[in-house]
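The values are calculated or read from the model by the stated rules, or taken from the named source; none is laboratory data. Predicted model only: the values in this text are computed from it and were never measured. No Cβ is skipped: glycine too gets one built from the backbone with ideal geometry, and neighbour counts run over all protein chains shown.
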Amino acid sequence: MVTYDPSRTRGGDHWTFESVGGGSKIIRNTKTGKCLKPGKPYGGKTSVEQWTCNYTPEFQWRLTPSGFGTWKITSVASRQALAPLRGNHTYERVVLEPDTNIAKQRWSITPLY
C-alpha cells in the first residue's frame with residue numbers, strides 16, 4: 001500500500017470500512033476487492049498489503065478519532081498504527097509502527113458519494 005498520488009494510484013486509492021463487530025472494521029479496496037492486512041518486513045517495520053478478505057483479527061482495524069478531523073488506524077492483531085514509512089510524502093509505502101500518536105499516524109478520510 002502506498003500513500004495517495006493521483007498520477008500513480010488512480011482508482012486504487014478508494015477504500016471502504018466495513019464493520020465486523022466489536023468496533024473493528026475491515027478495510028477493502030474498491031478497485032481490487034481485496035482487504036488490508038499486515039505484510040512483510042520493510043524498512044525495519046511491517047508493510048501492509050492487500051489480500052483476499054478474511055474476518056480474522058489479522059484483517060481487522062480500529063479507527064480512533066485523533067483530532068482535527070483525522071483518524072488513527074490501528075491493527076487489531078498487532079495494536080500498531082498505520083503510517084507512511086518516512087512521513088507524509090506522496091507515493092510512500094505504508095507500514096505498521098508502534099502507536100505513538102504522532103502526526104504521521106493521523107489519516108484524513110473523505111466520504112465518497
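Each residue in region 62-85 was checked for being among the aromatic types (F, W, Y) and within 18 Å of S19 (Cα to Cα), and 1 of them qualify. Out of the residues in region 58-70 that are surrounded by fewer than 16 Cβ atoms within 10 Å (Cβ to Cβ), in contact with a strand residue (DSSP E or B) (Cβ under 8 Å, 6 or more places away or on another chain) and of a type outside the set (D, E, K, R), state the one that is nearest to G39 (Cα to Cα). Only one residue fits best here, namely T64.
Return a yes/no flag: does region 55-62 have any residue that is assigned to a strand (DSSP E or B) and either modelled with pLDDT under 95 or within 18 Å of R28 (Cα to Cα) (or both). Yes, that holds for at least one residue. Restricting region 91-105 to residues that are in contact (Cβ under 8 Å) with a residue 40 or more places away in the chain and surrounded by fewer than 19 Cβ atoms within 10 Å (Cβ to Cβ), the residue that is nearest to R28 (Cα to Cα) is R93.
Rundown of residues vs (1) on the phi > 0 side of the Ramachandran plot; (2) surrounded by fewer than 17 Cβ atoms within 10 Å (Cβ to Cβ); (3) at pLDDT below 90; (4) not charged (D, E, K, R), yes/no style:
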site	(1), (2), (3), (4)
K25	no, no, no, no
K34	no, yes, no, no
K40	no, yes, no, no
E49	no, yes, no, no
K72	no, no, no, no
S75	no, no, no, yes
P84	no, no, no, yes
H89	no, yes, yes, yes
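Yes/no per residue for (1) touching a Cys at 6+ places or on another chain (Cβ under 6 Å); (2) under 17 Å from N101 (Cβ atoms):
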{"position": "R28", "(1), (2)": "yes, no"}
{"position": "K34", "(1), (2)": "no, no"}
{"position": "W51", "(1), (2)": "no, no"}
{"position": "N54", "(1), (2)": "no, no"}
{"position": "G67", "(1), (2)": "no, yes"}
